[in-house]
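The values are calculated or read from the model by the stated rules, or taken from the named source; none is laboratory data. In this text the structure is predicted, and so the values were computed from the model without any measurement. Every residue, glycine among them, receives a Cβ derived from its backbone with ideal geometry; neighbour counts consider all protein chains shown. The area values use the complete protein model at the heavy-atom level, side chains included, leaving out ligands, DNA and RNA. Shrake-Rupley method; radii C 1.70, N 1.55, O 1.52, S 1.80 Å.
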Amino acid sequence: MKTRIGIDSLAVAVPRRYLDITDLARARGVDPAKYTQGLGAREMAVADPGEDTVSLAATAARRAIDAAGLDKSELGLIVVGTETGVDHSKPVASFVHGLLDLPRAMRVYDTQHACYGGTAGLMTAVEWIASGAADGRSALVICSDIARYGIDTAGEPTQGAGAIAMIVAQNPALLELDIGISGTSSTHVHDFWRPLGHREAQVDGHYSVQCYLDAVADAYAGWKTAATERDVSAALARICYHVPFCKMAKKAHLHLGFDEASFETQVAPTLGLCARIGNVYTGSLYLGLAGLLDAQATDLARRRIGLFSYGSGCTSEFFSGTVANAAAERIAAARIADVLADRERIGVEEYERIMAMTAPADEPPQPGRFRFTGVEAHRRQYLRA
Ligand code: COA
């Protein structure tokens, strides 16, 4: 019998504060419609220094493990996809491994290629299980990032922060992936990068949009060919795209030859969470998936959906999977609406104050969360609540 492998559990962690995007537009003297209609944004997550990549990753991971009711001893691999790690050598995965008291007998590492890093982790986990090397164990794959372009830049309204954690396992409760059916496209381009030592990304914004569009056309064509060769239907109920800003998903969909009506049905339901959090780099595609399943998992049971992952630089992959019967129940366990409701709206002045901070304020973690508290003897310290 065919082995079913895919995403068994998925949970989200976001900073406790957010900015309404129209407040930002007014403060910058920009017509709010440019940000809301032109970019498709509504709200933007604002991470303070205590909510770093590690603390968001650990918080999301704990939620994903709890949602699955997983015994930690069943894990054999943890991969964190990130492009905003906290150390040149020690991976975010290592901190998470310690904070969650995970088993010693595990592979623990980060993967990096801009926003594709999480997908690299997901593919590694799926293929590790499919190969038999996992020997019945599951993987924890986390995407965690803080997207920063800086005050008063063109990229400013497309910032955000958050982590998405996924348990990858056999007989998944959320999404069974079509292993080996994918299309990839990679070229060496300078559309977005972050030189060592820089907090903010360098980005050639309009060029990055073009690089993304070239990549999605190529990767989608590759996926369609692979699907046809294996007699898998190329009809997709929904498509989740990488979402650096919501309008990008629309541009991608139209670029593939679909029309506006198809966008409303196939793509718009994937953008609800993304519009309220902003760009989370590696996690953006999976934030789209989380929002989609949270809204429509019952209707989508046993239906195939497409996923497109893009990492500037660039590499990309179009792949697919079938929503599981148990998806609605499992995604409900991640309590995503509560995660969003548990946030505080701040004004532009407070956002700018937080952006200028270089060390965490002395405040305790909120219940159920981890928090970075500072550096002692060159070692990063965390608290859990
Ligand atoms: N009302 C409604 N829409 C408006 C508007 C208004 N008053 N003013 C502008 N717009 C629209 C524009 O027409 C444009 O839409 P279109 O692309 O469909 O034509 C959109 O708003 C953005 O305007 P633009 O002038 O292109 O914005 P910008 O030059 O300030 O920057 C990005 C846009 C995306 C390039 C910038 O935010 C960025 O660099 N982001 C980070 C990089 C990124 O996310 N790249 C994606 C690939 S990974």
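A full extension of the chain between ARG303 and LYS2 corresponds to an added length of 106.6 nm, given 0.36 nm per residue minus the alpha carbon distance. Extension gain for VAL232 to LYS34 (0.36 nm times residue separation, less C-alpha to C-alpha distance): 67.3 nm. The solvent-accessible area of GLU127, taken with every protein chain present and a 1.4 Å probe, is close to 110 Å². The distance between label points at SER186 and ARG345 comes to 4.4 nm (points 7 Å beyond Cα on the Cα→Cβ vector). For segment 118-268, just say rounded, prolate or oblate: build the C-alpha gyration tensor, square-root its eigenvalues into a ≥ b ≥ c, call rounded for a/c under 1.5, and beyond that prolate if a/b exceeds b/c, oblate if not. Verdict is oblate for segment 118-268. Taking the Cα centre of the chain as origin and assigning +1 to Lys and Arg Cβ atoms and -1 to Asp and Glu Cβ atoms, the resulting dipole is close to 500 debye. Here is the size of segment 317-378 from its Cα atoms: Rg then Dmax, 18.5, 50 Å.
Going down the table (LYS224/LYS250; LYS224/LYS247; LYS224/LYS251; LYS90/LYS224), which pairs top 29 Å between alpha carbons? Each step should come with its number before you reach the end.
Details: LYS224/LYS250 20 Å; LYS224/LYS247 24 Å; LYS224/LYS251 19 Å; LYS90/LYS224 39 Å.
From the list (LYS224/LYS250; LYS224/LYS247; LYS224/LYS251; LYS90/LYS224), the Cα-Cα distance tops 29 Å for LYS90/LYS224.
GLU176 contributes an accessible area of around 30 Å² to the protein surface, as traced by a 1.4 Å probe with all chains present. Students often get this wrong: which residues of segment 159-176 have the backbone nitrogen under 17 Å from the point 7 angstrom along Cα-to-C-beta of ASP338? Residues 165 fall inside that zone.
Kyte-Doolittle mean at least 0.5 and Cα extent at least 15 Å along the axis: which DSSP H helices of the chain qualify?
On the way: long enough: 53-68 (23 Å, 0.65); 117-131 (21 Å, 0.80); 205-229 (36 Å, -0.14); 284-300 (23 Å, 0.83).
Length and hydropathy pass: 53-68, 117-131, 284-300.
For a label point 7 Å from the Cα of VAL86 along Cα→C-beta, name the residues of segment 353-369 whose backbone N is under 16 Å from it. 358-366, 369, by backbone N distance to the label point. Between GLU376 and ALA27, the simple spin-label model (points 7 angstrom out along Cα→Cβ) gives 3.4 nm. Computed from backbone phi with θ = phi - 60° and the Karplus coefficients 6.51, -1.76 and 1.60, the 3J(HN,Hα) list for segment 335-343 is 6, 5, 4, 5, 4, 6, 5, 7, 10 Hz; x is used for glycine and proline.
In segment 82-195, inverting the average of 1/r over every pair of distinct C-alpha atoms gives 16.2 Å as the Kirkwood radius. For the chain, the percent of C-alpha pairs falling in each 10 Å distance bin, counted from 0 to the bin holding the largest distance, reads 5, 26, 36, 25, 7, 1, 0. For segment 270-345, dividing the convex hull volume of the Cα atoms by the residue count gives 87 Å³ per residue.
Farthest towards the positive end of the charge dipole of segment 5-364, among the residues VAL203, LEU292, SER233, is the Cα of SER233, using unit charges on the Cβ of Lys, Arg, Asp and Glu. Taking every alpha-carbon pair under 8 Å whose residues sit at least 6 apart, segment 5-364 reaches a relative contact order of 26 percent. When the surface is traced with a 1.4 Å probe over the full set of protein chains, GLU352 keeps roughly 70 Å² accessible.
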